[in-house]
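Asks: Please find one structure pasted underneath; my questions will follow.
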Amino acid sequence: MEKKRIDGLDVLKALGICMVLSLHVPLWDPDFITNPNIVHILQYAARIVSEGVPIFLTINGMLLLKKSTFSLKQHCKKMLRIFAVFLLWGILLVCVGCITSGEKITVNGVFQYIILTVVGSKYTGVLWFLQNLLGVYLIFPLLWYTYTEHENIFEYFFWVVFVFAEGVNAIGLVRDIVAAYRDVTDINNIINAIMRFSSIGDLWYVFYFCLGGMIWKYREKLIAKRKKWIVIGAFSWIGALGYAVCLSEKTGVLYSASFNYSSLFMLLFLLGLFAFFLPYQKRNNLVDAFIASIGKNTFGIYLSHCIFIFTLQRFWTYSGFVERLIAFCIVFASSYVFTVIINRIPGLCKIVQI
């Protein structure tokens, strides 16, 4: 009988949530241009791979697409639950954010903050994940059907998304190198021309979701060449760092530390991570049990951690790596304990579960 939980995915989820929190606290100070030393270069190196969302998207896609059965009725109920969780947490985050910042809470203000939720939005920015998740869930029945009944159609769809996501992004990375030496108007025009043929809005969310299905389908081949993919993943990290450092030093401006979220480097890094952790088997010790517990509670940690960041920043302006590390530990511990407690309360547990 197939195990209900895949131990390696719990480790990846625990790693992913630590990455997310490290960005939101924030833990890293990656500006090695203003502060040209090895410490800041290392923090930049950590920052560019601290993209936990692609890990969660890939895992989510894997777990959902590999299911042998599908109920449209249950799926619609799940979407309604996610939307309800989105609204509830939107209200909570806005209220706590306003209280800790001294801003007056109004019904219209709460409404505006919620409907304007995007990446970087004040108070509710973290909830973009749920919005995009619902977007993918709307087409999930089609994805699941093609994945289980028409694999060739699913793979065709995956490679189409790959071309518009990874292919166009690769051109963009080349453009940024060329831009350090000459005008890149023609390259931008080429990118814009290609993207006019794209039929998908959030390419990256869909891409990583479908990537999970592809990894599950070819998991045996991935694991069979595990060492090769781990090495490739490690070198992709080095390659991403080398690319960004060289370009930053050439232009004298720090290259966006978030560029790796949507790069080919991240794809290879992810394949290396999954090759490394998929075969993992949990042992009967406290460390593994703790990691598994984190993996099971990542959704609640993700939703609640901003509440503790808002509260912490209200009373403490932390600076320097040591202080930021302490802040990271406080936020992580608080959101983890909060989620564990809420998960044990009947009824209320639904606000930290999908």
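Asks: Rounded if a/c is under 1.5, else prolate if a/b beats b/c, else oblate: with a ≥ b ≥ c from the C-alpha gyration tensor eigenvalues square-rooted, which is region 168-243? Numbers along the way, then the final one.
Replies: Working: a/c = 3.91, a/b = 1.48, b/c = 2.64.
Oblate, because a/c is 1.5 or more while a/b does not exceed b/c.
Asks: Between I105 and V340, what length in nm is gained on full extension when 0.36 nm per residue of separation is reduced by their alpha carbon distance? The partial results should precede the final answer.
Replies: Working: separation 235, 0.36 × 235 = 84.60 nm, distance 2.89 nm.
My answer for the length gained is 81.7 nm.
Asks: Just read off the accessible area of V231 with the full protein assembly in place, 1.4 Å probe, to the nearest 10 Å².
Replies: Rounded to the nearest 10, the figure is 80 Å².
Asks: Rounded, prolate or oblate: pick one for region 76-235, where a ≥ b ≥ c are the square roots of the eigenvalues of its C-alpha gyration tensor, a/c under 1.5 means rounded, and failing that, prolate if a/b is larger than b/c, else oblate.
Replies: Values: a/c = 2.00, a/b = 1.35, b/c = 1.48.
In terms of gyration-tensor shape, oblate.
Asks: Cβ neighbours within 10 Å, averaged per peptide: list 16-24, 290-298, 204-212, 62-70 in order, most packed at the top. Walk me through the intermediate numbers first.
Replies: Numbers: 16-24: 20.9, 290-298: 19.2, 204-212: 23.9, 62-70: 15.1.
The peptides rank, most packed first, as 204-212, 16-24, 290-298, 62-70.
Asks: For region 22-94, just say rounded, prolate or oblate: build the C-alpha gyration tensor, square-root its eigenvalues into a ≥ b ≥ c, call rounded for a/c under 1.5, and beyond that prolate if a/b exceeds b/c, oblate if not. Numbers along the way, then the final one.
Replies: On the way: a/c = 7.03, a/b = 2.05, b/c = 3.43.
Oblate, because a/c is 1.5 or more while a/b does not exceed b/c.
Asks: If you don't mind, there's one more thing I want to ask. Quote the FRET efficiency, to the nearest 0.05, computed for K225 versus E151 with a Förster distance R0 of 22 Å and r equal to the Cβ-Cβ distance. Don't jump to the answer; show the numbers that get you there.
Replies: Numbers: r = 21 Å, r/R0 = 0.96.
Given R0 = 22 Å and the Cβ-Cβ separation, E is 0.55.
Asks: Could I ask something else about it? Just want the answer: with Cβ charges of +1 for Lys and Arg and -1 for Asp and Glu, which residue in I238, L222, L211 is farthest toward the dipole's positive end in region 199-247?
Replies: Checking the options against the dipole of region 199-247, the answer is L222.
Asks: For region 117-125, take each phi angle, set θ = phi - 60°, evaluate the Karplus expression 6.51 cos²θ - 1.76 cosθ + 1.60, and give the result in whole Hz per residue in order, putting x for glycine and proline.
Replies: 5, 8, 4, x, 4, 5, 6, 9, x
Asks: Residues with amide H under 5 Å of K66's amide H, sequence separation 5 or more or different chain, H placed in the peptide plane at 1.01 Å from N; which?
Replies: Correct list: empty.
Asks: Measuring from label point to label point, each 7 Å out along Cα→Cβ, what is the Y181 to D31 span in nm?
Replies: 3.0 nm
Asks: Moving to a separate point now. Suppose we take every Cα in region 1-130 and form the convex hull; what volume per residue is that in Å³? Numbers along the way, then the final one.
Replies: Numbers: hull volume 19.0 nm³, N = 130.
Cα-based convex hull of region 1-130, divided per residue, equals 146 Å³.
Asks: Take the Cα radius of gyration of the chain and divide it by 2.2 N^0.38 Å, with N its residue count; two decimals is plenty.
Replies: On the way: Rg = 20.9 Å, N = 354, 2.2 N^0.38 = 20.5 Å.
Expressed relative to 2.2 N^0.38 Å, the Cα Rg reads 1.02.
Asks: Starting from the Cα of A170, step 7 Å toward the Cβ, then list every residue of region 248-275 with an amide N under 13 Å from that point.
Replies: Taking a point 7 Å out along Cα→Cβ of A170, the residues of region 248-275 whose backbone N falls under 13 Å are 263-268.
Asks: Something else now. At a Förster distance of 35 Å, what's the computed FRET efficiency of S68 paired with S293, Cβ-Cβ distance as r, to 0.05?
Replies: Numbers: r = 28 Å, r/R0 = 0.79.
Once rounded, the FRET efficiency stands at 0.80.
Asks: Given a 1.4 angstrom probe, what's the average accessible area per residue across region 24-157, in square angstrom?
Replies: Working: 6580 Å² over 134 residues.
Per residue, region 24-157 has an accessible area of 49 Å².
Asks: With the full set of protein chains in place, find how many percent of the accessible area of region 186-267 is carbon and sulfur; take the probe as 1.4 Å.
Replies: On the way: 2810 of 4360 Å².
Carbon with sulfur: 64 percent of the solvent-accessible area.
Asks: Please give the length that would be gained between W316 and I190 if that part of the chain were fully extended, namely 0.36 nm times their separation in residues minus their C-alpha to C-alpha distance (nm, one decimal).
Replies: Details: separation 126, 0.36 × 126 = 45.36 nm, distance 4.77 nm.
Working it through step by step, the gained length comes to 40.6 nm.
Asks: If you don't mind, there's one more thing I want to ask. How fast does region 53-155 diffuse by Stokes-Einstein, in µm²/s, taking the Kirkwood radius from C-alpha pairs at 37 °C and 0.692 mPa s? It would help to have the intermediate numbers written out before the result.
Replies: Working: Rh = 15.5 Å.
Translational diffusion coefficient: 212 µm²/s.
Asks: Please return the longest range in the chain lying between exposed loop sites, taking GluC sites (Glu not before Pro), DSSP loop only, at most 16 other beta-carbon atoms within 10 Å, and leaving the sites out. Could you put the intermediate results ahead of the total?
Replies: Values: sites that count: E2, E103.
The longest uninterrupted stretch comes out as 104-354.
The values are calculated or read from the model by the stated rules, or taken from the named source; none is laboratory data. On a predicted model such as this, the values are computed, not experimentally measured, just so you know. Cβ sites come from the backbone with ideal geometry, for glycine too, and all protein chains shown count toward neighbours. Just so you know, the surface numbers come from the protein's heavy atoms only, side chains and all, with ligands and any DNA or RNA stripped out. Shrake-Rupley method; radii C 1.70, N 1.55, O 1.52, S 1.80 Å.
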